[in-house]
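Read the structure below first, then the notes.
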Amino acid sequence: MSAKKAGGYMKKILVYIIALISICFILPAIFTKTTKTITTTEQTETEIQEQPIQGSNTQYSKIKLLHQDTGEVEEVNLEEYLCNVVSAEMPADFELEALKAQATVARTYTIYKVQNKKHDNADICDKSSCCQAWISKEDRLAKWEESKREENWQKIETAVRETVDKIITYDNKPINAFFHSNSGGTTEIPINVWGGTNFPYLQVVETARRRWI
């Protein structure tokens, strides 16, 4: 092969290589841009997002908890409080993802109560019949088998820690996150249960049936 032909052949190879490299860089950029556009334009109104909502996360780092039996109001760390709530609302032997869902709902419900006060001197109380269930760490540990106490509590803490700052919002505000142990297969819209104002983010849906004590 002559030097001239060899030079032409090498130029063709170089052109092919440059074209291939360009495609490798351009195509990901095109697809990335498309994905971002879809995420922005097709985003649902109800979503799980990070704090802060209408204020800094520091605003909700402490809450005022009313102990109904004694009338005492205690200022508590939000994430520690959620460990007490989750351990009271859901068995520790449930899957971690279920406990994380419970922690997210409980955090959402708590911040909703902070912003929509029901008690004059507190943000929320410790009764499920009024707000949401709460149990002290000492009482919770005493109810578990001794061999499972440390493991169970660490699992609860993990569920709360791995969802830190996450709440459910609608129109960028925390929802009134009602929750229950058994829906009987389908949920019901709140207006049919309690009357009053309906919530557009709480609609009838089919659910898995599971019962616990």
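Computed values, structure above
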read-out: Partners for K113 among aspartates and glutamates (Cα-Cα distance below 14 Å; same-chain residues under 8 apart left out); value: D123, D126
read-out: Neighbour-count ranking [beta-carbon atoms within 10 angstrom, fewest first] of V73, V105; value: V73, V105
read-out: Tensor-based shape of the range 98-142 (alpha-carbon gyration tensor, a/c under 1.5 rounded, otherwise prolate or oblate); value: oblate
read-out: J(HN,Hα) series, the range 105-112, from Karplus relation 6.51 cos²θ - 1.76 cosθ + 1.60, nearest Hz, glycine and proline x; value: 5, 5, 5, 4, 4, 5, 5, 4
read-out: Approximate spin-label separation E206-A133, in nm, with each point projected 7 Å along Cα-to-Cβ; value: 2.8
read-out: Length gained when the stretch Q154-K64 is fully extended (0.36 nm per residue, less Cα-Cα span); value: 30.0 nm
read-out: Pairs beyond 22 Å (Cα-Cα), from K143/K166; K64/K155; K62/K118; K62/K117; value: K143/K166; K64/K155
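Any read-out appearing in this document is the output of simple, stated calculations on the displayed coordinates, not a laboratory observation. None of these values were measured; they are calculated from a predicted model. Cβ coordinates were reconstructed from backbone atoms using ideal geometry, including for glycine residues, and neighbour counts include every protein chain displayed.
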